[in-house]
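Engineer: One structure, pasted below without further comment.
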Amino acid sequence: MVLFALKRLWEACLVLFIGSICCFLFIRMLPGDPAAAIYGGQYQKLSDAERMRISENLGLNEPLPAQYINWLTNAVQGEWGISSSTGEDVSEVIGRTIQPTFLLLFSSQLLIFLFSVLPGIVSGLRRGSIMDHMVTVCSFMFMSIPSFWLAMILMLFFSVYLGLLPTAGMGTGGFVGQLPYLIMPAFVLAVSHVGYYIRLLRNHVSVVTGQPFIMALQARGISNRVILWKHIVPHASVPFLSYAGASLASALAGTVVVETIFSWPGLGRLTLKSAMEHDYSVLMAAILLSMTAVILTNLLIDLISAAIDPRLRSQMRGEKS
Amino acid sequence: MRIKSPWTVKASFMYLFILILLSVAAPVASFYDPQAVDMGHVLQPPDQDHPLGTDELGRDNWSRLLYGGRVSILAGTSAMVVSIVVGFLYGAASGFIGGVFDRILMRVVDALLSIPGLLLMIGLQLLFKPGLLSVIFVISFTSWMIVARLIRTEILSLKQNVFIQASTVLGASASHLLFRHLLPRCWPTIIVLAVSGISHAILAEATLSFLGIGIPPHEPSWGNMLMGAQGFLLGGAWWLAVFPGICIISTVLSILFIGDWLHGRLTPYDMQTEVRGWKRIVWK
């Protein structure tokens, strides 16, 4: 297990390293001189000698690998530079948005589990039944609704016609005060994922039910309920869990849309705003932060899955399971 | 996997056929120029003159929907083709060559997959002038990774086959192996990926346009029609939001149904029978 964890950790570090190189090259590809971005409009007025000196001071004349190392050291120490649109420290701007986004992601994840576990298991057990068809059609429906459209329609219905829920902002006064603001964004964010989770769970449940060991259990006269909860569900929960990690990336992408529509002061809205305002330092920090979050979450989930399922550990060591 | 009652699939094919027909014949099937401004008929609800109403500049909603369908279909299919071709070549190279090369290539895929797709799209879009071409490029750039990963797995398992070893012994070149033996056996995976790729690309195009970084607003597309509708929704102009939304949903839904059906057809699992056994023994 320790060996597995170390191997997985090394892999995650490698992925982080490659990802950060991609991000760095990407910054260099963006239009505009990094020096010009710091000095703003004044940069045009400077003489060539002064510009040379500035690039020298910023380390822009060094070879690219050295620049990358400088950039990375700053990034790791939390020195992301200054936001060009507000003039604040980037780490401060980003720091403010993490808690709202986390709250949103967490509550939508809760809704996903609430809405997908039961239909997934039922339609997986009773494949081909009317119930299964209904669940399938519904889950495809959920997958094909664009989240921004759903957000608009919900807003129209619940805020404009019924006047029940607020349309924008985050509210104040702790969780109870924020709840009405949270309901619609969390729901919209959950809906598109619910479809995928149901499909995934259905497929895995039906694969597990086809395994010989289930038939062996039946032959020994074990009751359906025990087979279902003690054998089928734990088996199907491992891929379910690993999908939860993989879907964090798309959930983070979803927050961009949802937070923008509902004016939720989170990371996603900040990303889009900084892209629109060409605030590259904030944009880069947001992308790098999301990437790190995704990689670390996947690492954690892999470790948990390996703790649950010994077959994964032996697979990782290259043995035949 | 497979939906038993194929009426959903038939209906999906029918719908997509009509959609493609109408979009191709948009100049004939629309009664107005999609960009013609008519300030005398602003924000009209659906009536005889304008069957689906008009928008804030008096442009006909129906005509704009048809022309928007062109954009969606074009963006969806071309982004899919590009991402499949790139993903196949990358994945095949990685799985075929193997070793350290494979490991590095796959870690790059992991890294790119760790960046949320939409953030990557937003970042990339800054490099280009907004328009159909850049949207296609950005979407395909962010969706080839999954294709590459699945194709690599497929190639790795196919490589174990004896007939591959036999042709290697007989002196077959790498390109012969790849395109004569491995590619034909990847077709089922590629077709399923292609279908889901189109639905992904259509949704991505709509999202980008909705966020205002996709197709520029004067050219109609379902996404930016919805972006335009946002401001007038609270004033009660429901027809601006509902119809493009229905178009996106029904198109993506049809493609999902077809993809699911193809997946069931093309992947040789005999789970169907085993599950029936479970049902017979346990639940009755």
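The values are calculated or read from the model by the stated rules, or taken from the named source; none is laboratory data. Since the structure is predicted, the reported quantities are computational estimates derived from the model, not experimental observations. Cβ coordinates were reconstructed from backbone atoms using ideal geometry, including for glycine residues, and neighbour counts include every protein chain displayed. Remember, those area values only see protein heavy atoms, side chains included, never the ligands or the DNA or RNA. Shrake-Rupley method; radii C 1.70, N 1.55, O 1.52, S 1.80 Å.
Engineer: If R0 is 45 Å, what FRET efficiency do you get for B:F128 and A:V226 from their C-beta distance, rounded to 0.05?
Structural biologist: Details: r = 58 Å, r/R0 = 1.30.
That pair, B:F128 with A:V226, gives E of 0.15.
Engineer: With contacts defined as alpha carbon pairs under 8 Å and 6 or more residues apart, what's the relative contact order of chain B in percent?
Structural biologist: Normalised by residue count, the contact order of chain B is 26 percent.
Engineer: Also: Just to confirm, what accessible area per residue do you get for region A:90-316 at 1.4 Å probe, in whole Å²?
Structural biologist: 42 Å²
Engineer: Would you mind putting B:66-73, B:107-114 in packing order, based on average other-beta-carbon counts within 10 Å, highest first? It would help to have the intermediate numbers written out before the result.
Structural biologist: Details: B:66-73: 23.0, B:107-114: 21.0.
By packing density, highest mean first, the sequence is B:66-73, B:107-114.
Engineer: Report the A-B buried area as the accessible area lost on both sides summed, probe 1.4 Å, in Å² to the nearest 100. All intermediate terms of the calculation are to be shown ahead of the outcome.
Structural biologist: On the way: alone 18420 and 15390 Å², together 28630 Å².
In total, this chain pair buries about 5200 Å².
Engineer: Can you give the mean number of other chain Cβ atoms that lie within 10 Å of the Cβ atoms in peptide A:278-290?
Structural biologist: Working: counts 1, 0, 2, 0, 0, 4, 1, 0, 4, 6, 2, 1, 6.
Partner-chain Cβ atoms within 10 Å, mean over residues of A:278-290: 2.
Engineer: Could you estimate the translational diffusion coefficient of the protein assembly as shown from the Stokes-Einstein equation, with Rh from the Kirkwood formula over C-alpha pairs, at 4 °C and 1.567 mPa s, in whole µm²/s? Spell out each step's value before the answer.
Structural biologist: Values: Rh = 26.5 Å.
The estimated diffusion coefficient comes to 49 µm²/s.
Engineer: Further, regarding this structure: On average, how many beta carbons from a partner chain sit within 10 Å of the beta carbon of a residue in A:15-23? Please report the intermediate quantities before stating the final value.
Structural biologist: Numbers: counts 9, 4, 2, 8, 8, 1, 2, 6, 3.
Counting Cβ atoms of other protein chains within 10 Å of each residue's Cβ and averaging gives 5.
Engineer: Provide the packing ranking of A:83-95, B:133-145, i.e. peptides ordered by the mean count of other C-beta atoms within 10 Å per residue, highest first. Don't skip to the end; give the middle numbers.
Structural biologist: On the way: A:83-95: 16.0, B:133-145: 22.6.
The packing order, highest mean first, is B:133-145, A:83-95.
Engineer: Using a basic spin-label model with each label point 7 Å from the Cα along Cα→Cβ, how many nm lie between A:T172 and A:V117?
Structural biologist: 3.7 nm
Engineer: List every residue whose amide H lies under 5 Å from the amide H of A:L30, counting only residues 5 or more places away in sequence or on a different chain, with H placed 1.01 Å from N in the peptide plane.
Structural biologist: none
Engineer: Using only atoms on other chains, find how many Cβ atoms lie within 10 Å of each Cβ of peptide A:127-139 and report the average.
Structural biologist: On the way: counts 9, 8, 2, 0, 0, 2, 4, 0, 0, 5, 4, 0, 1.
Mean number of neighbouring Cβ atoms from other chains: 3.
Engineer: What is the sum of charges, Lys and Arg at +1 and Asp and Glu at -1, for the other residues whose Cβ falls under 14 Å from the Cβ of A:E277?
Structural biologist: Residues close to A:E277 contribute a combined charge of 0.
Engineer: What shape does region A:199-321 have by the C-alpha gyration tensor, where a ≥ b ≥ c are the square roots of the eigenvalues, rounded means a/c under 1.5, and otherwise prolate means a/b greater than b/c and oblate the rest?
Structural biologist: Numbers: a/c = 4.58, a/b = 2.35, b/c = 1.95.
Cα axes put region A:199-321 in the prolate bin.
Engineer: Calculated FRET efficiency, A:S47 and A:E88, Cβ-Cβ r, R0 25 Å, to nearest 0.05?
Structural biologist: On the way: r = 30 Å, r/R0 = 1.21.
E(calc), rounded to 0.05, equals 0.25.
Engineer: Further, regarding this structure: Take each of the peptides B:8-20, B:160-172, B:227-239, A:281-293, average the number of other beta-carbon atoms within 10 Å over its residues, and list them starting from the highest.
Structural biologist: Descending mean neighbour count gives A:281-293, B:227-239, B:8-20, B:160-172.
Engineer: How high is the FRET efficiency between A:A216 and A:M131 when r is their beta carbon distance and R₀ equals 25 Å, given to the nearest 0.05? List each step's numbers first, then the result.
Structural biologist: Details: r = 27 Å, r/R0 = 1.08.
With R0 = 25 Å, the Cβ-Cβ based efficiency is 0.40.
Engineer: Expected output is a single nm value to one decimal: the length gained when fully extending between B:E56 and B:T168, i.e. 0.36 nm times separation in residues minus the C-alpha distance. What is it?
Structural biologist: Numbers: separation 112, 0.36 × 112 = 40.32 nm, distance 6.57 nm.
Using 0.36 nm per residue and subtracting the Cα-Cα distance, I get 33.8 nm.
Engineer: Then there is this: Which one of B:Q165, B:I190, A:I295 is farthest out on the positive end of the charge dipole of the protein assembly as shown, using unit charges on Cβ (Lys, Arg +1; Asp, Glu -1) and the Cα centre as origin?
Structural biologist: The residue sitting farthest along the positive end of the dipole is B:Q165.
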